[in-house]
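Here, each number is a calculation from the coordinates, and none is a lab measurement. Computed from a predicted structure; not experimentally measured. Cβ sites come from the backbone with ideal geometry, for glycine too, and all protein chains shown count toward neighbours.
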Amino acid sequence: MQYHNSFQVSRPVFHPGAVRRLTARRERELPGGGLLWMASAKAAVLVAGVALLVSLLIGFGVSRVHDDMRAINERQHELKDEQIALLAERASLMSKQQISRRVATQLALYEAEQDQVFKVR
């Protein structure tokens, strides 16, 4: 009597090309899926754009402040030159000879002679 085992184990059919295609597809896929990477790329482009815009705004502000400082320095030099000229003019006007000359011409006042001065004690 022969007994035949009704349970038969068979090997699956092996196709080497099928395995390569599956692993190649997995290698081409990005971890987390394509939608996640697309959203990440869009967010990165948005952040880079905002950073560029902020950088440009700061650059324009710094440039404007630099121009203002240059104009202020030029005006300060002009005022210093004017101050030096006015101090020189004041020094010449405050000299004794200049005061005597202006008093004589405008007010008709002259320095008294020795015989015109009387000392009272």
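Hand me the GluC sites (Glu not before Pro) from segment 38-121 located in a DSSP loop with no more than 14 other Cβ atoms within 10 Å, in residue order please.
Numbers: sites: Glu74, Glu78, Glu82, Glu89, Glu111, Glu113; in loops: Glu111, Glu113.
Sites meeting the loop and neighbour criteria: Glu111, Glu113.
List the chymotrypsin sites (Phe, Trp or Tyr not before Pro) within segment 40-121 that fall in a DSSP loop (any state other than H, G, I, E or B) and whose Cβ has at most 10 other Cβ atoms within 10 Å.
Working: sites: Phe60, Tyr110, Phe118; in loops: Tyr110, Phe118.
Within segment 40-121, the qualifying chymotrypsin sites (Phe, Trp or Tyr not before Pro) (loop, at most 10 other Cβ atoms within 10 Å) are Tyr110, Phe118.
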(message) If I model a spin label as a point 7 Å beyond the Cα along the Cα-Cβ vector, how far apart are those points for Glu82 and Lys96 in nm?
(response) 3.4
